[in-house]
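Participant: One structure, pasted below without further comment.
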């Protein structure tokens, strides 16, 4: 029997993200045009797009896939973080992923979807598994590394691109995984610093 993390502190974050993405999906195109990740607009100083563009989707299939990813990661690692840490981390994931797309993938003029940040969340959760002594954490990290490597050298699934009606941003998956690794490192450093300060007192 599955032991899902259904306590309030574990479900609030994913619910907020799911509702945000769903509501933005049904907003008029004119509204979405104001918040989509668009390279030229970001160059013009519209930096909020580094965050907001992640919450838009190309079509309903794309939205469902990402909401399914949120649900899966909540079932795997939902009890690893509070609503506050989850939402703070997700904002970080979105901004870092988009910023790396901007600086390292200049050919990508536009980007939408949660997939980059979901890869961040996957890596962060897997590292927490490792820290807690769960051997499955290493398996998850190896699995996502193989997936990202395959995408970088072979390319994305043609069926997936057909389903979402757009090219799969494989670079966003790579940068998202890096963002998750970076957040895990910062989280570890902050925790050690806090423990050290408590001991000094």
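The values are calculated or read from the model by the stated rules, or taken from the named source; none is laboratory data. It should be emphasised that the depicted structure is a prediction, and the values quoted were computed from it without experimental measurement. Please note: Cβ atoms are built from the backbone with ideal geometry, for glycine as well, and neighbour counts cover all protein chains shown.
Participant: Would you confirm, using the coordinates I've provided, whether residue 179 is in contact (Cβ under 8 Å) with a residue 60 or more places away in the chain and surrounded by 12 or more Cβ atoms within 10 Å (Cβ to Cβ)?
Facilitator: When the stated conditions are applied, residue 179 passes them.
Participant: Then there's this: Is it fair to say residue 34 is at pLDDT 95 or above, over 17 Å from residue 108 (Cα atoms) and surrounded by fewer than 18 Cβ atoms within 10 Å (Cβ to Cβ)?
Facilitator: yes
Participant: Being surrounded by fewer than 18 Cβ atoms within 10 Å (Cβ to Cβ) and either touching a residue at least 60 places away in the same chain (Cβ under 8 Å) or under 13 Å from residue 178 (Cα atoms) (or both) is the filter here, so list the residues in the stretch 96-122 that pass it.
Facilitator: 99, 104, 105, 106, 108, 109, 110
Participant: Kindly establish whether residue 77 is within 16 Å of residue 111 (Cα to Cα), touching a residue at least 24 places away in the same chain (Cβ under 8 Å) and either more than 15 Å from the chain's Cα centre (by Cα) or not in a loop (DSSP other than H, G, I, E, B) (or both).
Facilitator: No; evaluated as a whole, the condition is false for this residue.
Participant: Given the residues 115, 98, 188, which is the only one that is in contact with a strand residue (DSSP E or B) (Cβ under 7 Å, 6 or more places away or on another chain) and under 28 Å from residue 9 (Cβ atoms)?
Facilitator: None of the others qualify; the one that does is 98.
Participant: Quick check on residue 50: is it in a helix (DSSP H, G or I), under 25 Å from residue 105 (Cα atoms) and within 17 Å of the chain's Cα centre (by Cα)?
Facilitator: yes
Participant: Out of the stretch 123-171, which residues are crowded, with 16+ Cβ neighbours inside 10 Å, closer than 18 Å to residue 80 by Cβ and within 17 Å of the chain's Cα centre (by Cα)?
Facilitator: Answer for the stretch 123-171, where residues must be crowded, with 16+ Cβ neighbours inside 10 Å, closer than 18 Å to residue 80 by Cβ and within 17 Å of the chain's Cα centre (by Cα): 123, 124, 125, 126, 127, 128, 140, 141, 144.
Participant: Here is a further query. Consider residue 165 carefully, then state whether it is touching a residue at least 12 places away in the same chain (Cβ under 8 Å) and within 18 Å of residue 114 (Cα to Cα).
Facilitator: In short, yes.
Participant: Same structure, new question: Can you pull out the residues in the stretch 93-127 that are in a helix (DSSP H, G or I) and either over 18 Å from residue 74 (Cα atoms) or modelled with pLDDT under 95 (or both)?
Facilitator: Residues satisfying the conditions are 95, 96, 97, 98, 99, 100, 101, 102, 103, 104.
Participant: So is residue 61 in contact (Cβ under 8 Å) with a residue 60 or more places away in the chain and either buried (at least 20 other Cβ atoms within 10 Å of the Cβ) or part of a helix (DSSP H, G or I) (or both) or not?
Facilitator: Yes, satisfied.
Participant: Tally time: how many residues in the stretch 1-43 are within 18 Å of residue 86 (Cα to Cα) and either outside any helix (DSSP H, G or I) or under 18 Å from the mean Cα position of the chain (by Cα) (or both)?
Facilitator: Selection size over the stretch 1-43: 16.
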